[in-house]
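Structure, as structure tokens:
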Amino acid sequence: MKVRSVKLREAHKAPTNGCPSFCSVVWDQQAQHLVTASSSDPTVSIHNPLLPSAPPKLLRHHRDGVTAIALSPNSTCLASGSIDHSVKLYKFPSGEFETNVTRFTLPIRVLAFNKSGTLLAAAGDDEGIKLINTVDGSIARVLKGHKGLITGLGFDPNSEYLASIDSNGTLIYWELQSGSTLHTLKGIAPDLGLDLSVMNVLSWSPDGETLAVPGLRNDVVMYDRDTAEKLFSLRGDHTQPICFLAWSPNGKYMATAGLDKQVLVWDVDKKQDIDRQKFDVRICCLAWKPTGNALAVIDVMGKYGVWESVVPSSMKSPTEDIPNLHTKNSNGLLFFEEEDQQPSVSGSLSDLGEDSLGESEPPSRKRQRKQSAYENDFEEDGFEELSLSLKVESCKKPHHMHKASKEDANEVQRSKGTSSRLKMQEAFQPGATPMQLGKRRFLCYNMLGSITTMEHDGYSHIEIDFHDTSRGPRVPSMNDHFGFTMASLNEKGSVFANRCKGEKNMSTLMYRPFSSWANNSEWSMRFEGEEAKVVALGTSWVAAVTSLNFLRIFTEGGLQKHVLSLDGPVVTASGFEDELAVVTHAAECLPSNEQMLEFRIFNISNGTQPLRGRLPLTPGSHLTWFGFSDEGQLSSYDSKGVLRVFTSQFGGSWLPLFSASKEKKSDENYWVVGLNASKLFCIVCKNPELFPQVMPKPVLTLLNLSLPLASSDLGADALENEFILNGMHLSQIQKQVEEISGAGLDTTLLDDEAFNVEAAQDKCILRLIASCCNGDKLVRATELVKLLSLEKSVRGAIKLVTVLKLPNLAERFNSILEERLLSESKGTWQTILPSSSRYALTKDLAFTKSSASTERSSHLETNGCLLSSPILSAPLFTKKAKPQGAKVEVENQTAKLDDTGKGKKIEEVKTAAKVNNTGELKKVGELNPVQPTRSFNPFSKSLNNQEKKAEVDQVQPNRPSNPFLKSSVK
């Protein structure tokens, strides 16, 4: 026999210690892709067999070696199992990660799909087989019966049975409908010991009538589908045990790999080998090409190749006359959807019960099934072709009586698949991680600290830790006998709640203050027939939202203060001081699978609802975090990695302040903890993990907030980002000043902070002006100079453009400065009342702030309050003037400017403003004192455009009316 060599290529790097690994290889349905994996490599590789030299597509989602891979029969779903105990699903052939379907307590060793792809069987070192519904990821059933590492799984093509084999050589037949054990055959395969690079495997023949298993005599043993009786064996030139086997697509041939480094190809009907290949390294996995005469192989060092023309051309092709099992194929979910129906083999079971004690009965289960299917049956030793057809028909007949019902079940399954894609998001607790068997998890993790729990001997052990021990007391751990599943934490205490449990279907809410003047200040509430979904804490209140869409608000002492009905199922909630923010579903999901969410903010102390509106999400995403920033700004983060912050701009809008797609690496996920004015606090999780583990202790990562700006033609994206963020920060300070001054408190510290931010903003604007000048964007530079807050900054801009030899622009900047000074000079005659102003200005000196439009001016006069727009212009924060001061100076009140104007005494322009002790203002050199020609509205803080133009024209008619804008919109 002629021996041909097979060229192998490296798919996975060999282990550094030289030890063999178990490697896997599978074809897709159309033979367009080859998928490989290795137990020493956490990567799954997708190869193009037509271009073997092209680099493969790599899926890097596991944290340890991949021990098992499986493709659904239609090749749209790829599953992988790993030493890291997880089973993951991907879209195929794109390789896009879809979900973690389950986790085991020990490594995974084998995966298998059923014929329809709706069930995935997974097993490994923990001796249990999980049957996973791939439609929704639920665990349909767990099969237990093995006493060793499970290394082989296989659904029979009719989806009636599952066969499994372990490292001890024990084979078990399972009936899927009942989950019971049909046959247990011990010691029929080699005992592998502790060598994890060798697997006991099994494989059903394509017609579903025969199960092939490695034997004890370096052979392959065939077992009957129904009776588990030994039929025959394939024994040839293997000198050591067989470690892998695979049927050809038509079931006529079989390929076997042995520990002797040989691969043999068998003619099953003739029970003899027809070809062989000797390799330098042991082959550990084989896969027949679905559409041709070829065999893919991979060795224990991670090298793979394709053996072409495996079957001699004079013999029938391995893809010719493939059995068609569509008519006898079950939907794979029979034991969920049709439990009330008789199993497909129920006739034989009932018949068998009459003579179940008779040992002389021939393979009765199989024969009686045939007899119930046919009035005129044939003897089993009849013609071979008729016998084969009977075997096929014997599987068809029992299923025929339920054909219509199965079609209905399939239709229901399809509709379930559609509804699952449009499923409304379940409620979640911000900062909580999912339950993991045998592991400690977070009930709450926020900017203050964390609450962790782990179940142990029927109860849970809860610990509370603060990131900064100076911010909170040391809280002793507690034993939790309620099984709390969610929690919230602030400086004063913690609140816990659990899901419904017990005979009364009761949910428990418990609050534990960290300190109290009274003994036994802890309290709890019980909700009968009502389940707590989300909990939140504030300054002096505790809130819980329940499954009945009730918002229950309690005082710190446990008084039930409010019960409100929400108009949609809750998604999440968060508290900050007096404010409670709640997110609910506003409507069903859109056909594009977009969640329709609504948020509202309750002020608990005032009993008001100041805000309500739709919560924006990135298309196709769901909400993953919701809460308040350190400064009290409402924020959200979705599964596409977009952070949004609510601002008062434009009547209340959400600003996207961070996009993970521009920041993170491809193998990272961000789990959000909180944020402040400039940073996002998160924990970086390696793909595919979406949440952190308690141990080792997570490390907080600080990321700069960055708006998803368009690529600027100036190449100054960072400066534009800083410009918008500074404006937003100023807006926030203005809001705080308004609240504090409204309460009659001193705002000096906030005024100082505002001046510092304004100085920083002016520096940023000056750098943007420089970029505009270099990029020949002079109109944009003119727009920017109008946004400078400080006179000194404008003079710096004039000097900058002068140095850059732009005289026309310098003249425009001079004009803007003159108009600004003129506007301010008129403002000295205006009296501003502190009762309607957000800034407490003295009666000795007051400056007016001009508005950007007549509409804005009239709005301000009507409402008697100042609105701010930190993006359009930076607000001018004016410190109280000294009564005896003869000159208003801002040089010592601001931070130094950059090299274009910082700290340098620049050449004075033609105009300068001086104020004498009586408050009279004179224009030096050119302008005569301007006297007011009308009375001023004391509540107005701006002049409208027409008034400004008229008064400016009286002084300098040749100048265009364009006052320096210093107003801001809230």
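Miscellaneous remarks
- Cβ-Cβ under 8 Å pairs, at least 6 apart or on other chains, region 590-602 side of a type in the set (K, R), far side surrounded by fewer than 18 Cβ atoms within 10 Å (Cβ to Cβ): R600/Q609; R600/L611; R600/R612; R600/G613
- The lone exception for F514 - which of (1) loosely packed, with under 15 Cβ neighbours inside 10 Å; (2) within 22 Å of M478 (Cα to Cα) it fails: (1)
- Residue list for region 195-235, restricted to those being small (G, A, S), surrounded by fewer than 19 Cβ atoms within 10 Å (Cβ to Cβ) and more than 26 Å from S39 (Cβ to Cβ): S233
- Leading residue by the ranking (farthest from Y445 (Cα to Cα)) among those in region 476-499 that are touching a strand residue (DSSP E or B) at 6+ places or on another chain (Cβ under 6 Å) and either at pLDDT below 80 or among the acidic types (D, E) (or both): H481
- Among residues of region 242-301, those that are in a strand (DSSP E or B) and not hydrophobic (A, V, I, L, M, F, W, C), counted: 12
- Count - residues of region 553-562 that are of a type outside the set (F, W, Y), under 16 Å from G607 (Cα atoms) and open to solvent by less than 40 Å² (accessible area, probe 1.4 Å): 2
- Applying the criterion of being polar (S, T, N, Q) and touching a residue at least 40 places away in the same chain (Cβ under 8 Å) to the residues of region 464-494, the residue that is least open to solvent (accessible area, probe 1.4 Å) is S494.
- From A70, A54, residue being among the aliphatic types (A, V, I, L, M), more than 23 Å from the chain's Cα centre (by Cα) and open to solvent by 30 Å² or more (accessible area, probe 1.4 Å): A54
- The set of residues in region 136-148 being assigned to a loop (DSSP other than H, G, I, E, B) and either of a type in the set (G, A, S) or open to solvent by 50 Å² or more (accessible area, probe 1.4 Å) (or both) consists of D136, G137, S138, G145, K147, G148.
- Here region 164-194 is the region considered, the condition is being in contact with a helix residue (DSSP H, G or I) (Cβ under 8 Å, 6 or more places away or on another chain) and buried (at least 18 other Cβ atoms within 10 Å of the Cβ), and the residue that is farthest from A123 (Cα to Cα) is Q177.
- Residues (buried (at least 19 other Cβ atoms within 10 Å of the Cβ), outside any loop (DSSP other than H, G, I, E, B) and either in contact with a Phe, Trp or Tyr (Cβ under 9 Å, 6 or more places away or on another chain) or at pLDDT below 90 (or both)) located in region 109-129: R109, A112, F113, L119, L120, A121, A122, A123, G124, I129
- Test for V673: is it of a type in the set (A, V, I, L, M), open to solvent by 10 Å² or more (accessible area, probe 1.4 Å) and more than 30 Å from L559 (Cα to Cα): no
- When I132 is tested against (1) open to solvent by 50 Å² or more (accessible area, probe 1.4 Å); (2) part of a strand (DSSP E or B), just one condition goes unmet, and that condition is (1).
- T105 vs. criteria in contact with a His (Cβ under 7 Å, 6 or more places away or on another chain), at pLDDT below 95, β-branched (V, I, T) and not in a strand (DSSP E or B): yes
- Search result, residues across region 149-192 that are more than 22 Å from L71 (Cα to Cα), among the aliphatic types (A, V, I, L, M) and not in a strand (DSSP E or B): L149, I188, A189, L192
The values are calculated or read from the model by the stated rules, or taken from the named source; none is laboratory data. Keep in mind that what you see is a predicted model, and the values were worked out from it rather than measured. Every residue, glycine among them, receives a Cβ derived from its backbone with ideal geometry; neighbour counts consider all protein chains shown. For accessibility, only protein heavy atoms count, side chains too; no ligands or nucleic acids. Shrake-Rupley method; radii C 1.70, N 1.55, O 1.52, S 1.80 Å.
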